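What follows is a set of notes on a single structure, which appears directly below.
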Amino acid sequence: MEYVSTRGSAPALDFEGATLAGLASDGGLYVPREWPAFTAAEIAAMRGLPYPELAARVMAPFVAGSLADERLLELTRSAYGRFAHEAVTPLAQLDEQHWLLELFHGPTLAFKDVALQLLGLLFEEFLARAGGNLTIVGATSGDTGSAAIDAVAGREGVEVFMLHPHGKVSDVQRRQMTTVLAPNVHNIAIDGSFDDAQAMVKRMFGDGEMTGRFRLSAVNSINWARLMAQVVYYFAAALQLGAPERKVAFSVPTGNFGDIFAGYVASRMGLPVERLIVATNVNDILHRALSAGDYSAGTVTPTAAPSMDIQVSSNFERLLFDLGGRDGPAMAEQMRGFEASRAMRLTNAQREGAAALFASARVEPDEMTAAMRWAHEACGQTIDPHTAIGLHAARSSGIPAEVPLVTLATAHPAKFRDAVERATGQRPQLPARVGDLFAHEERYAELPGEYEAVRAFISERATPSA
Ligand SMILES: *Cc1c(COP(=O)(O)O)cnc(C)c1O
């Protein structure tokens with residue numbers, strides 16, 4: 001499979017190249033040149049496959065030319081062997097219509113493990129071929145950092161420098177990162193906000209001296225391989241609920257538009273999807289874009305669902321590109337306008353294309369709390385704040401009762417114990433598999449919120465690319 005940039009001028013790459021590059025050199029994002037599609041009979045034949053086999057079947061067209069089918073299956077078996085549930089992403093039933101797709105059975109308790117456990121293996125595989133060393137530099141508000149660190153700790157040829165805003169991630173989130181003492185893991189607490197950390201990372205990717213010495217790569221959801229791995233669980237859930245004969249709808253707590261874009265890809269591949277509901281909190285840029293065509297960034301309001309507290313959703317560009325006729329130069333122009341003014345209007349083609357499959361909702365804090373309480377009291381399920389936002393959007397969507405509606409449960413409730421306790425009166429326990437985080441030694445550097453300091457720290461410790 002070949003991958004092209006949404007902005008039309010970066011070279012096309014194969015799967016291996018797109019995985020190692022992360023972002024395209026023209027500032028765009030890589031997407032497959034065309035969507036592979038399965039027939040209804042091919043989808044029906046996937047029913048009942050163990051998750052690693054389903055994953056290899058769904059992803060095979062995307063990795064063709066870079067990984068043989070048997071090798072892909074070895075990698076999916078290894079990546080998903082570390083999950084605490086045999087089904088990897090099991091469904092839990094709430095009532096006659098509503099289901100939770102539990103995506104938090106991986107090592108760091110959020111859905112990001114599903115993709116990052118595989119991505120760590122892909123990096124190792126491709127570096128063994130290409131030679132050299134990969135330096136991952138990322139910024140995290142919590143969940144991405146721990147999932148990325150767990151996925152690459154101790155692996156050959158890869159090292160990670162993860163920036164988090166000092167004092168602004170939860171204790172559990174911080175300790176999940178800082179108690180990993182592998183020599184290829186470097187945690188940096190910066191004095192500043194998540195946006196400050198993110199801005200430093202972006203600056204480093206544009207810093208010729210750094211990119212000349214080190215092979216920098218990204219693990220956030222601009223990396224295509226992450227989205228690809230997430231397509232699989234849409235198939236897994238729909239197959240259990242009657243696909244391909246029956247359509248299924250999904251409600252997705254959304255931040256960077258990565259997880260829900262994977263649902264869009266599943267639909268383009270032939271999975272019958274009734275609707276994709278984009279659930280946002282008060283940081284509602286995507287709801288405004290989808291309901292009124294207005295994609296304009298404001299300032300972030302911190303909430304109890306921090307992984308959805310974003311201003312700009314990077315992966316939305318992939319959708320706009322696909323719906324706008326895959327016109328790279330036009331997309332580059334539209335994004336230049338957005339980057340200059342922090343606002344843009346969707347074209348008619350983009351609006352109409354999105355309306356055919358997507359719905360959206362903005363969920364208020366009291367609605368989120370009520371959804372947590374309903375799940376707890378009426379269904380005996382404890383859910384985290386992100387999941388609760390998705391569930392409220394699902395329950396108020398008006399989708400006909402005969403359509404199964406799956407809310408993606410993106411984090412384990414114990415990751416957000418305080419918010420869950422406030423809503424339900426019960427404090428969720430950390431699962432035994434994360435160990436006693438509070439008994440382990442932590443290691444992290446504290447740096448001022450200055451680019452030069454972070455740059456010096458990384459360039460002294462990172463391994464040059466070759
Ligand atoms: C990352 C994250 C999200 C948002 O996912 P996107 O792919 O960025 O839209 C939602 N919930 C949780 C718990 C997350 O960690």
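Here, each number is a calculation from the coordinates, and none is a lab measurement. These numbers come from a predicted model, not from an experiment. Here the Cβ is made from the backbone with ideal geometry for all residues, glycine too, and neighbour counts use every protein chain on show.
Please report Thr140, Thr179, Thr301 as a ranked list, fewest other C-beta atoms within 10 angstrom at the top and most at the bottom. Can you show the working numbers first?
Values: Thr140 27, Thr179 21, Thr301 10.
The order, fewest Cβ neighbours first, is Thr301, Thr179, Thr140.
Footprinting exposure proxy ranking of Phe38, Phe111, Phe438, fewest other C-beta atoms within 10 angstrom first, gives Phe438, Phe38, Phe111. Residues Ser217, Ser465, Ser307 in ascending order of nearby Cβ atoms (within 10 Å, fewest first): Ser465, Ser217, Ser307.
Write out the GluC sites (Glu not before Pro) in the range 90-137 meeting two conditions: DSSP loop, and at most 15 other Cβ atoms within 10 Å of their Cβ.
Numbers: sites: Glu96, Glu102, Glu124, Glu125; in loops: Glu96.
Those satisfying the criteria are Glu96.
Rg/Rh, computed from the Cα trace of the range 349-466 with Rh as the Kirkwood radius, has the value 1.16.
Count the DSSP beta bridges whose two residues both fall in the chain, then state the antiparallel fraction as a percent rounded to the nearest 5.
Numbers: 13 of 49 bridges.
In the chain, DSSP labels about 25 percent of beta bridges as antiparallel.
How big is the convex hull of the Cα atoms of the range 154-308, per residue, in Å³? Could you put the intermediate results ahead of the total?
Details: hull volume 26.6 nm³, N = 155.
Per-residue hull volume (Cα only) is 172 Å³.
Tell me the chymotrypsin sites (Phe, Trp or Tyr not before Pro) within the range 117-174 that lie in a loop according to DSSP and have at most 13 other beta-carbon atoms within 10 Å. Before the final figure, lay out each step's value.
Values: sites: Phe123, Phe126, Phe161; in loops: none.
In loop regions of the range 117-174 (DSSP not H, G, I, E or B), there are no sparsely surrounded chymotrypsin sites (Phe, Trp or Tyr not before Pro).
Counting 0.36 nm for each residue step from Ala343 to Glu53 and taking away their Cα separation leaves a gain of 100.1 nm.
Across the range 258-386, the mean sequence separation of Cα contacts (distance under 8 Å, 6 or more residues apart), normalised by length, yields a relative contact order of 33 percent. The three principal axes of the C-alpha atoms in the range 264-349 carry coordinate ranges of 36, 33, 20 Å, sorted with the longest axis first. For the chain, the equivalent ellipsoid built from the Cα gyration tensor has semi-axes of 30, 26, 24 Å, listed from largest to smallest.
Using C-alpha pairs below 8 Å separated by at least 6 residues, the relative contact order for the chain is 20 percent. Cross-link candidates for Lys202: which lysines have Cα within less than 22 Å, leaving aside residues fewer than 8 places away along the same chain? The qualifying lysines are Lys112, Lys168. Per residue, the average separation of C-alpha pairs within less than 8 Å and at least 6 apart gives the range 149-204 a relative contact order of 44 percent.
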